[in-house]
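The values are calculated or read from the model by the stated rules, or taken from the named source; none is laboratory data. What you are looking at is a predicted structure, and each value in this text was computed from that prediction instead of being measured. So basically every Cβ, Gly included, is an ideal-geometry build from the backbone, and we count neighbours across all protein chains shown. Just so you know, the surface numbers come from the protein's heavy atoms only, side chains and all, with ligands and any DNA or RNA stripped out. Shrake-Rupley method; radii C 1.70, N 1.55, O 1.52, S 1.80 Å.
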Amino acid sequence: MFDTLVVNASPLILLSRAGQFSLLSSMGRRIVVPEAVLREVLAHGPDDETVVALRGVHWLEVVQVDVIPPSIASWDLGIGESSVLTWASANVSSRAVLDDRAARRLADELKVPVVGTLGLVLAAKRTGGRVILENDYVRVHNIVLEYPPAPRRVAEERPVVLYLQLGSDQ
């Protein structure tokens, strides 16, 4: 069982843009964000949707990752992904929340359990939430996330459209 989710920037950004940032807190787990990930998000400026969503959040714990091991650094991932994988690999009861394909491959090599943004949404659905995806998919930048997951490119960028209702289907 995983008692901690270690979250990278892209899931934070996608969930906040979809108006579903609180989905993370509803997972009933400890939510950890490495300081490098937080710096990456804050670099977008004070008016950014994700930065605004982070204000006043008491359930998110920022952790420091001082040294990235060579086995992770050699993959040339971003500092955020590297920090998430470093922390998750050192804390065995954690699950990395990553969308980046290369980072997910490295997580697999490191035997670090991983879930993506869409996986979090589907987990919320399985635990009693109701997820409504516009036209049965979520458009995220130029990627279409479908259920079952099958990313493909689309011609134009679209806003994130994701509706999540926790509780009963009444």
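For the stretch 77-87, the Karplus equation 6.51 cos²θ - 1.76 cosθ + 1.60, evaluated at θ = phi - 60°, returns couplings of 7, x, 5, x, 4, 4, 5, 4, 5, 5, 5 Hz by residue, with Gly and Pro reported as x. Expressed as a whole percent, the accessible surface of the stretch 1-84 that belongs to carbon and sulfur atoms is 53, based on a 1.4 Å probe.
Summary of packing: across the peptides 89-101, 19-31, the per-residue average of other C-beta atoms within 10 Å ranks them, highest first, as 89-101, 19-31. The stretch between Ala73 and Glu35 holds 12.0 nm of extra length on full extension. This uses 0.36 nm per residue minus the Cα-Cα distance.
Note on Asp108 and Ser22: the model spin-label points, each 7 Å out from Cα along the C-beta direction, lie 3.6 nm apart.
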